[in-house]
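What follows is a single structure, written as structure tokens, with notes after it.
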Amino acid sequence: MIDHIRAIEPVVVACLFEELEPSLTRISLRSKSEQVNVNEIAQAFGGGGHPAAAGARIPGKPLSVQRKVLAGRKNALNAKH
């Protein structure tokens, strides 16, 4: 699913959120820009991966996790432009 999202032409960074338990959310991150290292975003939440693909399992309700991760992604994109 995440690779289909990333394949959309204007997408630079794709994020997929999956609720594993009521208070645990898994994120998958993909980047198709060498300027955005999604591993750095995942590491900020205790996860990892490599510059183009990373993920993490984050404690918290899905909406709260989404807000935190999207803010981190936005900061990463703004820092590169």
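Worth a mention:
- Yes/no for ALA56 being in contact with a helix residue (DSSP H, G or I) (Cβ under 6 Å, 6 or more places away or on another chain) and either hydrophobic (A, V, I, L, M, F, W, C) or modelled with pLDDT of 85 or more (or both): yes
- Any hit, segment 29-44, residues being surrounded by fewer than 21 Cβ atoms within 10 Å (Cβ to Cβ), of a type in the set (Gly, Ala, Ser) and at positive phi: no
- One residue stands out in segment 61-80 among those that are open to solvent by 90 Å² or more (accessible area, probe 1.4 Å) and closer than 16 Å to ASN37 by Cβ: the one that is modelled with the highest pLDDT, namely LYS74.
The values are calculated or read from the model by the stated rules, or taken from the named source; none is laboratory data. What you see is a predicted model; the values in this text were computed from it and never measured. Note that each Cβ is placed from the backbone with ideal geometry, even for glycine, and that neighbours are counted across all protein chains shown. To get the accessible areas, we keep the full protein, side chains included, count just its heavy atoms, and leave off ligands, DNA and RNA. Shrake-Rupley method; radii C 1.70, N 1.55, O 1.52, S 1.80 Å.
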